[in-house]
Amino acid sequence: MKLGVIVFPGSNCDRDVAMVVRDLLNQPTRMVWHEESDLSDLDVIIIPGGFSYGDYLRCGAIARFSPALQATVRHAQQGKLVLGICNGFQVLTEAGLLPGALMRNRDLHFVCDRISLKVERTDLPWTQEYQKGQIITLPIAHGEGCYYADANTLASLEDNGQVLFRYCDTFGVATATANPNGSLNNIAGICNRQGNVLGMMPHPERASDPMLGNTDGRNLFEGVVLGLAAIGAKA
């Protein structure tokens, strides 16, 4: 079982993610340079936050063409796990692994804050260590985190249970006030139809170490590790 964290020019959360999975959870982890094309040794690929290739053109637009991302697409098509956080979510939409797009925040300002999220589904590795309907707190830091999709795509996401995390107030209500960026349907994180690809704007890696005073994000990574262990036990 091995996890890989892709490193693009401009990535700035890659070491944060590696610290969680490698140092806190003691999982074999390697940093994947964006020019690598053979990722066949990995079970999970994580695309971290930051500003891949300086966010030129638009966020994630250049990263989708990198050799490592093309290998990630093949990895996902094989049913293996892929996680995109913040800029990683933007990259996944640009690459077509997830539907929709991330646009400029509603008020056109960069938002750095801690927000409440409602866990909508818990039958996937990503969320199996949470309770359905659980309210968690995770940090956000983005300027283009407003999730947008056409009406048919939104309806499909909702009907198929692909919304895993939703911005909400402390009571779990998805209000406009609790929505930090204007995302449609208060969407904070979605998966593909198969459930093996997850994209989310909040940063679970920044809420995983007890020293930071919040470990709400750690459950996500622990769920992935448990899911992989279960797969390995069946093999």
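Those residues that are under 18 Å from the mean Cα position of the chain (by Cα) and over 20 Å from ARG74 (Cα atoms), I need them from region 26-51; list them, please.
GLY49, GLY50, PHE51
Filter region 220-235 down to residues that are buried (at least 18 other Cβ atoms within 10 Å of the Cβ) and among the small types (Gly, Ala, Ser) and give me whichever is modelled with the lowest pLDDT. Write out each step before concluding.
First pass over region 220-235, keeping only residues buried (at least 18 other Cβ atoms within 10 Å of the Cβ): 220-225, 227-228.
After this cut, where a residue has to be among the small types (Gly, Ala, Ser) as well, the list is 223, 227.
Working: GLY223: 97, GLY227: 83.
Selected residue: GLY227.
Have a look at GLY195, GLY213, GLY199 and point out the one that is out of contact with any strand residue (DSSP E or B) (no Cβ under 8 Å at 6 or more places or on another chain), of a type outside the set (Ser, Thr, Tyr) and under 21 Å from GLN128 (Cα atoms). Break it down stepwise before answering.
Numbers: GLY213 fails: under 21 Å from GLN128 (Cα atoms); GLY199 fails: out of contact with any strand residue (DSSP E or B) (no Cβ under 8 Å at 6 or more places or on another chain).
None of the others qualify; the one that does is GLY195.
What is the number of the single condition among (1) free of Cβ contacts under 8 Å to residues at least 40 places away in the same chain; (2) part of a helix (DSSP H, G or I); (3) in contact with a strand residue (DSSP E or B) (Cβ under 6 Å, 6 or more places away or on another chain) that ARG30 does not meet?
(2)
Regarding region 155-166, can at least one residue be identified that is charged (D, E, K, R), over 18 Å from the mean Cα position of the chain (by Cα) and at pLDDT below 95?
Checked region 155-166: no residue is charged (D, E, K, R), over 18 Å from the mean Cα position of the chain (by Cα) and at pLDDT below 95.
Residue by residue, here is whether (1) closer than 24 Å to LEU97 by Cβ; (2) at pLDDT 95 or above; (3) exposed (fewer than 14 other Cβ atoms within 10 Å of the Cβ) holds:
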position	(1), (2), (3)
LYS132	no, yes, yes
THR153	yes, yes, no
GLY195	yes, yes, no
MET201	yes, yes, no
ARG206	yes, yes, no
ASP209	no, yes, no
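The values are calculated or read from the model by the stated rules, or taken from the named source; none is laboratory data. A quick note: this is a predicted structure, and the numbers were derived from the prediction, not measured. For neighbour counting, all protein chains shown are included, and Cβ atoms are generated from backbone atoms with ideal geometry for every residue, glycine included.
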